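Student: I have a structure here, written as structure tokens, and I will follow up with some questions on it.
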Amino acid sequence: MKYLITGGAGFVGSHLAEILLAGGHEVFVIDNLSTGSLKNIEHLKENKKFHCVIDTVMNGSVVGDLTYKCDVIFHLAAAVGVRKIIDSPVETIETNVHGTETVLKAAEKEKKIVLIASTSEVYGKSTKDVFNEKDDSIMGSTTKSRWSYACSKAIDEFLALAYLKEKGLPVIITRLFNTVGPRQTGMYGMVIPNFVRQALEGKPITVFGDGSQTRCFTYVTDVVKALIRLSELKPSIGQVFNIGAKEQVTITELAKIIKEKTSSKSEIVYVPYDEAYETGFEDMLRRMPDISKLEKHIGYKPEYNLGRTLDLIIEYFRKNKDFE
Ligand code: UDP
């Protein structure tokens, strides 16, 4: 098979490319290196079946050529990370909305399968214990830029489903819940790379808010395998799937576990949200996926628990001293 991965030099995209190549497939990547990095795909360059184009996903003619060559498109290119979204809201909205529009338009001509990587953020401010694909999105005010990410990804989902309904384009929507693993950078705000770096450098581990907010972290290989399996099954078309783990941890607990696993002397400090992000910042206090649909559809069973996930990330950061 021939696959196109938009955002293929990013954290998730590079793992996806790696696994597809290992399966003997041909992989085309388009990435503008805004949050992705050539370092992420350095080890793939020697493979003759790997092709990389450095360009924006908003370039219609380049995306059109690549789409023509491929059987399936994984659309992962997006502005990601809470820090990035707050610092660059224009780039976030434009990349997410216009980028997806460009990909869908190109794919529509050839009726290629498009899998959209969306996010648990689309559930917005909902305080439900567990999020099911059919749940409502509860969005925050437009004056709070954090929600622009959730809204832009929700528009992506609407647009993809509209392309299916109106133009018969085979699309699949996936909502990723806190995907983590080696090569994820802390530069755009993600908590685990930040905590691990802080712990290894003996710097204060910065817990935002009161630390009682919870997350379910999913190891990137589990996510990528689920993406591939979903793209292979025809009944996935037109469906929305949560992809995540069920193991829940508070951010304070996470800081303590990382401190212990790294034998760090770092102190754990609490930083108010206003200081960490911007005045009036609203966090999601809980974010647990209902993955029963995914379990039923592909027999999904994550292989990596939180302990193993953290061990692998810590090992990665220890080996790669020039991490960001
Ligand atoms: N967080 C934190 N310290 C950091 C970075 C993040 O306490 O240095 C918190 C953040 O406020 C959120 C949680 O960790 O409650 C997860 O943050 P991340 O940006 O990784 O993901 P998301 O907010 O998208 O779930």
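Student: Out of the residues in the stretch 204-216 meeting the condition of being more than 9 Å from the ligand (Cβ to nearest atom) and farther than 11 Å from Leu254 by Cα, tell me which one is surrounded by the most Cβ atoms within 10 Å (Cβ to Cβ). Before you say what the answer is, go through the steps one by one.
Tutor: To start, the set of residues in the stretch 204-216 that are more than 9 Å from the ligand (Cβ to nearest atom) comprises 204, 210, 212, 216.
Now restrict to residues that are farther than 11 Å from Leu254 by Cα: 204, 210.
Values: Pro204: 15, Asp210: 13.
Step by step, filter the stretch 204-216, then rank; the result is Pro204.
Student: Could I ask something else about it? Limited to the stretch 149-203, what total is found for residues that are within 16 Å of the ligand (Cβ to nearest atom), hydrophobic (A, V, I, L, M, F, W, C) and assigned to a helix (DSSP H, G or I)?
Tutor: Residues in the stretch 149-203 being within 16 Å of the ligand (Cβ to nearest atom), hydrophobic (A, V, I, L, M, F, W, C) and assigned to a helix (DSSP H, G or I): 9 in total.
Student: So, one more: Within the stretch 16-36, restricting attention to residues that are part of a helix (DSSP H, G or I) and crowded, with 24+ Cβ neighbours inside 10 Å, which residue is nearest to the chain's Cα centre (by Cα)? Walk me through how you get there before you give the answer.
Tutor: Quick first cut of the stretch 16-36, residues part of a helix (DSSP H, G or I) only: 16-22.
Of the ones still in play, those that are also crowded, with 24+ Cβ neighbours inside 10 Å are 16-17, 20.
Details: Leu16: 12, Ala17: 14, Leu20: 18 Å.
Out of the qualifying residues, it is Leu16.
Student: Still on this structure, please answer the following. Looking only at the stretch 255-308, how many residues end up being away from the ligand (no atom under 16 Å from the Cβ), part of a helix (DSSP H, G or I) and of a type in the set (A, V, I, L, M, F, W, C)?
Tutor: Going residue by residue through the stretch 255-308, those that are away from the ligand (no atom under 16 Å from the Cβ) are 260-261, 263, 265, 290-305, 307-308.
So of that shortlist, the ones also part of a helix (DSSP H, G or I) come out as 260-261, 292-298, 307-308.
Those still in the list that are of a type in the set (A, V, I, L, M, F, W, C) too: 294, 298.
Counting residues in the stretch 255-308 that are away from the ligand (no atom under 16 Å from the Cβ), part of a helix (DSSP H, G or I) and of a type in the set (A, V, I, L, M, F, W, C) gives 2.
Student: Next question, about the same structure. Condition first: under 19 Å from the mean Cα position of the chain (by Cα) and either at pLDDT 95 or above or on the phi > 0 side of the Ramachandran plot (or both). Can you find one or more residues in the stretch 201-214 that meet it? If you could, list the steps in order and put the result at the bottom.
Tutor: In the first step, residues of the stretch 201-214 are kept if they are under 19 Å from the mean Cα position of the chain (by Cα); the result is 214.
Now drop any that are not either at pLDDT 95 or above or on the phi > 0 side of the Ramachandran plot (or both), which leaves 214.
Taking every residue of the stretch 201-214 in turn, at least one turns out to be under 19 Å from the mean Cα position of the chain (by Cα) and either at pLDDT 95 or above or on the phi > 0 side of the Ramachandran plot (or both).
Student: Here's another thing I want to ask about it. Taking only the stretch 105-127 into account, find how many residues are assigned to a loop (DSSP other than H, G, I, E, B), out of contact with any Gly (no Cβ under 6 Å at 6 or more places or on another chain) and not β-branched (Val, Ile, Thr).
Tutor: So the first thing to find is which residues in the stretch 105-127 are assigned to a loop (DSSP other than H, G, I, E, B), and the list is 111-112, 125-127.
With out of contact with any Gly (no Cβ under 6 Å at 6 or more places or on another chain) added as a condition, the list becomes 111-112, 126-127.
Those still in the list that are not β-branched (Val, Ile, Thr) too: 111-112, 126.
Qualifying residue count for the region: 3.
Student: Here is a check on your reading of the model: is Gly64 surrounded by fewer than 24 Cβ atoms within 10 Å (Cβ to Cβ) and of a type in the set (Gly, Ala, Ser)?
Tutor: Numbers: surrounded by fewer than 24 Cβ atoms within 10 Å (Cβ to Cβ): yes; of a type in the set (Gly, Ala, Ser): yes.
Considered against the rule, which asks whether it is surrounded by fewer than 24 Cβ atoms within 10 Å (Cβ to Cβ) and of a type in the set (Gly, Ala, Ser), Gly64 comes out as yes.
Student: Taking the condition among the hydroxyl-bearing types (Ser, Thr, Tyr), more than 26 Å from Lys256 (Cα to Cα) and within 11 Å of the ligand (Cβ to nearest atom), does Thr119 pass? Let's see the steps before the verdict.
Tutor: Details: among the hydroxyl-bearing types (Ser, Thr, Tyr): yes; more than 26 Å from Lys256 (Cα to Cα): yes; within 11 Å of the ligand (Cβ to nearest atom): yes.
Against the criterion (among the hydroxyl-bearing types (Ser, Thr, Tyr), more than 26 Å from Lys256 (Cα to Cα) and within 11 Å of the ligand (Cβ to nearest atom)), Thr119 qualifies.
Student: Which members of the stretch 281-324 meet the condition of being of a type in the set (S, T, N, Q) and touching a Phe, Trp or Tyr at 6+ places or on another chain (Cβ under 9 Å)?
Tutor: Step one: of the stretch 281-324, the residues of a type in the set (S, T, N, Q) are 292, 305, 309, 320.
Those that are of a type in the set (S, T, N, Q) and touching a Phe, Trp or Tyr at 6+ places or on another chain (Cβ under 9 Å): Asn305, Thr309.
The values are calculated or read from the model by the stated rules, or taken from the named source; none is laboratory data. What you are looking at is a predicted structure, and each value in this text was computed from that prediction instead of being measured. Methodologically, a virtual Cβ is constructed for each residue, glycine included, from the backbone with ideal geometry; neighbour enumeration extends over all protein chains shown.
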